4 protein chains.
Amino acid sequence: MYEPTRDDKFSFGLWTITKKVGLDPFGKPTREPPPPVEVVRKLGDLGVWGINFHDDDLVPAEKASEKERIVREFRQAVNDSGMVVSMVSCDLFSDPLFRDGAFTSADSRVRARAIQKAMRAMDLGKEFDAPLFVMWGGREGTEVNASGKLLDAHAWWREALDYLCAYSEEQGYGYRFALEPKPNEPRGDTFMPTAGAMLGFIATLEHSDLVGVNPEIAHEIMAGLNFPQVLAQVIDAGKLFHVDLNDQRFGRFDQDRRFASENPSTALYTVALLEEHYDGPLQFDSHALRTEDMDGVWDFVRGSMRSYLILRERAAAFADDPEVKQWREAYYVRDGELEGLLAFSRDNSKRLKEYEFDLDMLRERGIGLERIDQIAFEHLAGAR
Amino acid sequence: MYEPTRDDKFSFGLWTITKKVGLDPFGKPTREPPPPVEVVRKLGDLGVWGINFHDDDLVPAEKASEKERIVREFRQAVNDSGMVVSMVSCDLFSDPLFRDGAFTSADSRVRARAIQKAMRAMDLGKEFDAPLFVMWGGREGTEVNASGKLLDAHAWWREALDYLCAYSEEQGYGYRFALEPKPNEPRGDTFMPTAGAMLGFIATLEHSDLVGVNPEIAHEIMAGLNFPQVLAQVIDAGKLFHVDLNDQRFGRFDQDRRFASENPSTALYTVALLEEHYDGPLQFDSHALRTEDMDGVWDFVRGSMRSYLILRERAAAFADDPEVKQWREAYYVRDGELEGLLAFSRDNSKRLKEYEFDLDMLRERGIGLERIDQIAFEHLAGAR
Amino acid sequence: MYEPTRDDKFSFGLWTITKKVGLDPFGKPTREPPPPVEVVRKLGDLGVWGINFHDDDLVPAEKASEKERIVREFRQAVNDSGMVVSMVSCDLFSDPLFRDGAFTSADSRVRARAIQKAMRAMDLGKEFDAPLFVMWGGREGTEVNASGKLLDAHAWWREALDYLCAYSEEQGYGYRFALEPKPNEPRGDTFMPTAGAMLGFIATLEHSDLVGVNPEIAHEIMAGLNFPQVLAQVIDAGKLFHVDLNDQRFGRFDQDRRFASENPSTALYTVALLEEHYDGPLQFDSHALRTEDMDGVWDFVRGSMRSYLILRERAAAFADDPEVKQWREAYYVRDGELEGLLAFSRDNSKRLKEYEFDLDMLRERGIGLERIDQIAFEHLAGAR
Amino acid sequence: MYEPTRDDKFSFGLWTITKKVGLDPFGKPTREPPPPVEVVRKLGDLGVWGINFHDDDLVPAEKASEKERIVREFRQAVNDSGMVVSMVSCDLFSDPLFRDGAFTSADSRVRARAIQKAMRAMDLGKEFDAPLFVMWGGREGTEVNASGKLLDAHAWWREALDYLCAYSEEQGYGYRFALEPKPNEPRGDTFMPTAGAMLGFIATLEHSDLVGVNPEIAHEIMAGLNFPQVLAQVIDAGKLFHVDLNDQRFGRFDQDRRFASENPSTALYTVALLEEHYDGPLQFDSHALRTEDMDGVWDFVRGSMRSYLILRERAAAFADDPEVKQWREAYYVRDGELEGLLAFSRDNSKRLKEYEFDLDMLRERGIGLERIDQIAFEHLAGAR
């Protein structure tokens, strides 16, 4: 039970195993992961469908000369495992070069280097037929508003995205781009800090049709937002191009905890929305606790997928519960006459403006949210 | 010194004096304000330029029959004081009718009633030539994702905005609309919770050109965001239609504190951006502490404007400081050749992709943010 | 199943039904509850064991002259229902008199009035044999550190508590006192804002043995803290005199949501600790959403208790799971020789200082927290 | 102006220069600091009075064999600079050994090793006559309440502190101990997460007189608390043994920003309290931004001290402002008769209980907090 298959389309970032080795600002690494090729094989054995990476995860700068071999062996491992490369990304945050921004650096040389590196990452991704390019602007922000670049930063970032979209089209790569927002960390504040802000930004881009959002549970929680509600806006806008599943406690550093480990209710409604409105990769952008050795890492991988499958079952049972169906029917009140007036016309607006409502009745009827919320809890707890 | 004039375009909401009377979830009102007409006169005496209101602030439901007289007397008071009505709004949150949403209620009768009320508020605003219609969706959210309406809520809200824009156009009102986001309170979570989310939503509207944002310092702080950075995105998008100045501590109920009282640095950079990129009303959407009697309320009004004027002086001195000018010149590094390659063409992208950067030099040069930030603090503290 | 009995010792505050009527800073009341006597009967029917109140909840100022009758009828209703009055409290926050503090007001007349009111509330509680006096200092804080009273406030609050303890002893009331911390709201910041701070404060009191803590889930979450860990410190200090069960999202106004509705994991570990280390009242200090009519209020009451009972079952199953037992045995590593050296003596400390540890082995062994956490999630979800 | 002298007693941790080199969870180090001896000389030149360190900052494990030389040279540099070693600490967080707690590890071997290391650090500190031992329990917490050690953790931590106090006394070291709380990071949650919690814990210790608190601005802000109010409780309890000055935005990773850079008002009231109630070291536990090279680091050091001195001047001017004096006199209302009744006796309590207050008058008088708060802002801004 709760065993994943390729059809579930679960994916992991290579870095979540190979680079998240327990290093933190106050402590040294605690474990040594196997090389990428072995990681892929192990993930494949555990039922994972997709793997993906930043350029440097696969081909670190110091191994640039071995790129061809690395690519070949990694492709082989992916194929052997029956897996796919579900997306590719570009690391524009690790190198000290980008310490004050990559696309939003006030130094045009740094901006140019960032675009160069992104083009090369796109080339690399195409060696694996990756259909999607995910972009997280880890250093695109500031701690010091006195820098005076707040407006320029937005213009520069747009310039970079327009450039990269043009490059993808001109090369015939056909990438779709997914912007990944995060409110802070490693910068004190990141520009365009939430999924909503990214939607606003996309509307200003030249190739806005190619660009969508990669919302991440932990990142929206860091802004104190309600992830399922954020996800609903992204879906409503037709911009859910990818999704990062993990968990987080609000008011803390970026934890990237195991999916559903902190906020099971958030996870439940996230699963419900994804199952109904999305069929892309289900990416776990998270990592095992620093306390763990490699056994703990594989426990974390298994647990992430099991929890999703458990919650998928719970979400389906909730939706099918006859009491829930009945409740929802009562909740959605439809009034034919008034709904007719909601189609705007001069006449309809005039009639609506003069319509006499039974206000007291509308004020007094119970809405019933406590009951439905309790039923949902009981489904979550497997108690119905 | 620091005495406001009409040219400063400071405005207050009527409700910030007449309705914020010290009532809170744990205590009874603590003061009795004078009637609206007297409030206007007093604000005019203190140098305020604009006044504005929700429909019910001026004409409460129980005085509907006296509307004509109320409007006449209020207009007289505004004119006598040499003030203007800078915007109008509609109260879609006080009435229990809207307890589960106004434009996003699952009950189509409630949605229709909300649109009706908004049209009537637009009619009222035009009696004062208000050019702007501000919309805060206080009840447009939920505490219970189990309700199942997350996607519908976005569609319903869009339907309402499209309707009201059409109404304004059809009536020849020529309103511009400013959406005011707030992440939570009074609902557990509000849909489209930040200025960024509103920008994303606006892009999906039929009359998106008529609709902008009314960002509020306190509301973005409630999402832990950096207000000057949020403001910069709104300006970048050409959507800064109005602004609400106040203050707030993160991680708390909506405090609506006196401008600059909690986060003077945030206030400083906000003033700097507004002075350079905005010339609309400077609205104080805040209120005196519950501890205050009416003397304290007027202290609060005076203090709000004084603080803005002090910070305007500080921001100007900072921008004019020769050391700052020199620092900024060094910060913005321009490289002619590379900037040329940043104009996309097949050839330029090819050349950029192969360009050899002096990476180590770029990694090692100091950025100098501590120094500029210290200079800014010293200007804020009046110590330079 | 999951039906509460008197043995479960569930209690509710009268105010959670009668005073929480949907009034909030942005909206009017949404429901009209029945009178106290009927509330008690209904709660009794639902399986509740204890009821409690603030002085004014039972005898509002305007009904002071009817006190004797009210007390008599209420006592009758409690007795008829087979319930008990589990504690009593004093409302020192509603009256505008206390708007700048009760025990910590800078006005000695207000401090005196607060102590007077608390003594009278103690007298009232003894008419019902209440064994415990809970004290929440809703207005004991400030928004304005410039007031200059930060140190005096602590001294005044101590003075008040010493006085009230002395009064209780002198009258032979035998109360135990439980201080209820809350970090903010209605004040911008409350003095002694967390359960930990209250423990620190208690240590400075004259009658510190009589005084303990009433930790509340929502209040500690408002400070971003981990409630089970806070609870553990209170238990460790021997100061868990009462507990308030509810729920809350961090970074928000005081929500007082239904127990387990927001953070089921927090609720699970809370239940586990309480079942093992506490046998006092299980108080639900929470209220139904503003969207609800009285049917929704009773749904909320029922749901609160059902959720506790479900989680009690889950916590027991987790503790009894053989895999968990095995894991815990491995987790607690005992080394006889070293544990011997941990008994301090000159000689032991010398030997410990020179002991040679196998550091690499200790660095490399897996701790296994991901696995145990996943098992716990699966128990919470009823999936094991 | 604003030039520090030794009399100001400013101190820095060695690690804030030598170990905070721009490494973060998403990026590599960005600068290479000079060796400790040079750092001390440079700090001395800049007017710093005290230096301090964790054991490993001065003598890293890999240089254990050179300890004698390192100590000698460092002592020489401190003496040459006319500085002092103001405290010493023990690093119980960097080594992977402590990844699941040091004093609170469930493995008794790890707990023993932690005590061993702390004793050795105490020995090291005495080579410099350090009077104070600061203890931050970076790894004393958990992400996984399922571990089941919540109560044991408190007992183990107490055991360790009792041991170390006994060791200090037995050796004649005469240390005072200052516990430094932090709510989270690097652990998801830390046990005893705030200064208040530490006060509560201290009350349970065997040598509670030897143990106080080292409150840190950033750490209390991470719990959303008001630092001056927290500081006031620590002072009230007589437990302010040391203080860490820096800055932080709420809802973020541990930023350790330059003092006063984020929350100037918090800094102002902190300075005011310290100047009146404390004369120990003024420690800046913070570090330069990752964007900075070593020039930026020294800018940061200079700026930290300058900002304190500017705020000291502002705090004094505020306290001396005649309008402020007058306001405070009005704020502190003294009523001789009532204050008499506040000395508890049977008779006084009886009289107080029956006293007739003029409640309406007390409800209506203005408290005047907006005015005093505005005056404070104007002093902060150097505008009065």
Rounded to whole angstrom, how close does the nearest chain C beta-carbon get to the axis mapping C onto A, and which residue is it?
C:GLY382, 1
Stokes-Einstein D for the range B:1-73 (10 °C, 1.306 mPa s, Kirkwood Rh from Cα pairs), in µm²/s, comes to 115 µm²/s
Taking N as the number of residues in chain A, the ratio of its alpha carbon radius of gyration to 2.2 N^0.38 Å works out to 1.10
Output row for A:GLY47: copy-to-copy label distances, label 7 Å along Cα→C-beta, ascending, in nanometres, one decimal, is 3.5, 6.5, 6.9
Need one word for the protein assembly as shown: rounded, prolate or oblate. Basis is the Cα gyration tensor (sqrt eigenvalues a ≥ b ≥ c); a/c below 1.5 gives rounded, then a/b vs b/c decides.
rounded
Tell me which lysines have Cα within less than 27 Å of A:LYS325's Cα, excluding those fewer than 8 residues away on the same chain?
B:LYS149
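Once the convex hull of the C-alpha atoms of the range C:46-179 is built, how many Å³ does it hold per residue, rounded to a whole number? Could you put the intermediate results ahead of the total?
Working: hull volume 16.0 nm³, N = 134.
Per-residue hull volume (Cα only) is 120 Å³.
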Within the range B:67-100: backbone nitrogen closer than 17 Å to the B:GLN171 label point (7 Å, Cα to C-beta):
B:67-68, B:71-72, B:85-92
With a 1.4 Å probe and all protein chains kept in place, how much accessible area does D:TRP157 have, in Å² rounded to the nearest 10?
10 Å²
At what distance in angstrom do the alpha carbon centres of the range B:324-356 and the range C:4-80 lie from each other?
71 Å
Would you mind computing, in nm to one decimal, how far apart the modelled labels at B:ALA61 and D:LEU359 are, each placed 7 Å from Cα along Cα→Cβ?
3.1 nm
Suppose you put the label 7 Å out from Cα in the Cβ direction; list, shortest first and in nm with one decimal, how far A:TYR2 is from each other copy's label.
1.8, 5.8, 6.1
Just how much of C:HIS287 is accessible, in Å², when a 1.4 Å probe is used and the result is rounded to the nearest 10?
40 Å²
Given pairs A:LYS28/D:LYS117; A:LYS182/D:LYS19; B:LYS182/B:LYS239; C:LYS353/D:LYS67 and cut-off 24 Å on Cα-Cα distance, the over-length ones are A:LYS182/D:LYS19
Return the ratio Rg/(2.2 N^0.38 Å) for the range A:60-114, where Rg is computed over Cα atoms only.
1.54
In nm to one decimal, list the spacings between the B:ARG72 label point and its equivalents in the other copies, with label points set 7 Å along Cα to Cβ, shortest first.
5.9, 9.3, 10.0
With +1 on the Cβ of every Lys and Arg and -1 on the Cβ of every Asp and Glu, the dipole magnitude of the range A:220-280 about its Cα centre, in debye rounded to the nearest 20, is 220 debye
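The values are calculated or read from the model by the stated rules, or taken from the named source; none is laboratory data. Worth saying up front: this structure is predicted, and the values here are computed from it rather than measured. As a convention, Cβ positions derive from the backbone with ideal geometry for all residues, glycine included, and neighbour counts pool all protein chains shown. With ligands, DNA and RNA removed, areas are computed over all heavy atoms of the protein, side chains included. Shrake-Rupley method; radii C 1.70, N 1.55, O 1.52, S 1.80 Å.
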